[in-house]
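First up is the structure itself, then whatever we jot down about it.
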Amino acid sequence: MELPVIDLAPYVDVTSGKFTYDELLHPELKKVCSEVSRILRETGALFVRDPRCSTEDNDRFIDMMEKYFEQPEEVKRAQECPHQHYQVGPIPGGVDILRSLVDMDMQKKLRALPEDRRPTIPTGPDHKSRYVWKVGPRPTKTRFQELNSEPVLPEGFPEWKKIMDSLGFKMISTVEAVAEMAAIGFDLPKDSFTNLMKLGSHLLAPTGSDLGRHGEKGTVFAGYHYDINFLTIHYKSKFPGLSIWLRNGEKVEVKVPDGCLLIHAGKQLEWMTAGDCKAGMHEVAVTNNTLKAIKAAQEENRSLWRVSSTLFSNVASDAMLKPLGHFANSPLAENYPPMHARDYFEKELSVINLKGKNEVH
């Protein structure tokens, strides 16, 4: 199955003032909004094309991140922030633990899957590193300061902030457009999600996986998991290997079309729709297609670091997570009790070992 591509240009034109706001209610535009919500509901992911985002932005970002990840480990480790739950700066490989390694119920379900739908379950932590960069303003007053800390600047990269912020803000704009379109498609007020995203702790968190050291088929870089945020967005990676599970259980290796971005549904969206839109399960592992890309990179003398341009958009930490609008009347709503987004976030971070022992309060 190939995911359809949603062109955001018509919606962006309306919301940017090129057309009157009444055109937002045009049947054709509402039809596209319904398509966005349908695809998220049925697959947990979709491709979008946004005229405000360019492959050049991503290329500049990937080039810089390759240079960063190629540095010696001791250089990167100097800026780790475990006391802030690793929510800023570098996250070294081997810190986070897969839920699928500690959740016995999940393991039982995975073993029961047909072989062609079964994820690649590693025996230990993922072979990846990550760098976390906060994008956008943070609240001046919050009960949850550790999730709203200032970003960390690595030495030797004078263009770092400019490149990270440029890409990050553009990706957030794309997420906001999709969030509004999804809200309309779910028969909610269009700002239902975006109002809760204001001052959210949005994280541009690229991963780096060294295919020169860990390029064997079956090596897992991001084991089978869901994202705990609202919507996750990626540009196309130079190396394939991302697989997603559709709502029907089918496993699909993703091939992002040129000029498009991939969006995943996260757990916060699942919460606000009372499970009508489930958080999408996915993994990144070395596949046959990855091996072909590694060979091509070696022949062209290119970097063998696989970099993902991943941005996690979040509901504000002080906002209340709960089923919205008509979803509050769903028979499944009781499974999604109201709680502060930060409380849910910390609960999940504890499970995957990212909640530091020396907390900042």
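List of remarks:
- Dipole magnitude of region 271-349, debye to nearest 20 (Cβ charges: Lys/Arg +1, Asp/Glu -1, about Cα centre): 300 debye
- Note on D105 and R213: with the Förster distance fixed at 25 Å, the Cβ-Cβ geometry gives a FRET efficiency of about 0.15.
- Inter-site label distance for V252 and N289 at 7 Å from Cα along Cβ, in nm: 1.1 nm
- Förster radius 22 Å - calculated FRET efficiency between N329 and E42 (Cβ-Cβ, nearest 0.05): 0.50
- For region 183-328, alpha-carbon Rg relative to the globular expectation (2.2 N^0.38 Å, N residues): 1.18
- In region 191-231, trypsin sites (Lys or Arg not before Pro) in a DSSP loop with at most 12 other beta-carbon atoms within 10 Å: R213, K217
- Entries in K31/K238; K161/K198; K31/K251; K76/K236; K108/K267 that, when Cα-Cα distance is taken, lie over 30 Å: K31/K238
- Estimated FRET transfer efficiency (K322, R302; beta-carbon r; R0 56 Å; 0.05): 0.75
- Neighbourhood net charge (15 Å Cβ-Cβ; Lys/Arg +1, Asp/Glu -1) for G275: +1
- H326 sits with roughly 90 Å² accessible to a 1.4 Å probe, with DNA, RNA and ligands left out of the calculation.
- Per-residue SASA remark: S303, around 20 Å² accessible (1.4 Å probe; ligands, DNA and RNA not included).
- Pairwise label distance in nanometres, T120 with E73, each label 7 Å out on the Cα-Cβ vector: 2.1 nm
- Relative protection proxy for 115-122, 8-15, from highest mean packing down: 8-15, 115-122 (other beta-carbon atoms within 10 angstrom).
- Gain on full extension, evaluated as 0.36 nm per residue between K347 and D165 minus their Cα-Cα distance, stands at 62.7 nm.
- Per residue solvent-accessible surface (Å²) - region 276-350, probe of 1.4 Å: 44 Å²
- Rough spin-label spacing in nm, given labels placed 7 Å along Cα→Cβ, for S54 and D13: 2.1 nm
- Summing charges over neighbours of L8, with a neighbour being any other residue whose Cβ is under 11 Å away from its Cβ, gives -3 when K and R count +1 and D and E count -1.
The values are calculated or read from the model by the stated rules, or taken from the named source; none is laboratory data. As the structure is a computational prediction, the values presented were derived from the model and not from experiment. Cβ coordinates were reconstructed from backbone atoms using ideal geometry, including for glycine residues, and neighbour counts include every protein chain displayed. Side chains included, ligands, DNA and RNA excluded: accessible areas come from the protein's heavy atoms. Shrake-Rupley method; radii C 1.70, N 1.55, O 1.52, S 1.80 Å.
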